[in-house]
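Below: one structure, written as structure tokens.
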Amino acid sequence: MAMVNQTSKSLSRVWKAASKLTSQERILLAKYLLDSVVSVDLNDETDWQALSLTAFESDWDNPDDAVYDNWRELFDVSAR
């Protein structure tokens, strides 16, 4: 509960300070705060994509699947 009270006090001070800013200054502050959160999420998404790509590549490029590398020849499909 003490942490909540401390956070509430901190937010109250920030809110009071922000209320003294102009509309344009508040918009810039909001953009900065949003960007700081969104960029973290985008980095997390990039990490997940890299992990999934690695898993996909290891599944795709394996000796058991190599027979399908020449699928056109295997299934008698001509190139256009």
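The values are calculated or read from the model by the stated rules, or taken from the named source; none is laboratory data. Since the model is a prediction, treat every value here as computed from it, not as a measurement. Cβ: placed from backbone, ideal geometry, glycine included. Neighbour counts: every protein chain shown.
Residue pairs whose Cβ atoms lie under 9 Å apart, separated by 6 or more positions or on different chains, with the first residue in segment 20-39 and surrounded by 10 or more Cβ atoms within 10 Å (Cβ to Cβ) and modelled with pLDDT of 90 or more and the second among the hydroxyl-bearing types (Ser, Thr, Tyr) and not in a loop (DSSP other than H, G, I, E, B), are Arg26/Ser19. All of (1) modelled with pLDDT under 80; (2) surrounded by fewer than 10 Cβ atoms within 10 Å (Cβ to Cβ) hold for Asp47 with one exception: (2). As a summary of the residue check, Leu74 satisfies the conditions (1) at negative phi; (2) at pLDDT 80 or above; (3) loosely packed, with under 10 Cβ neighbours inside 10 Å except for the one numbered (3).
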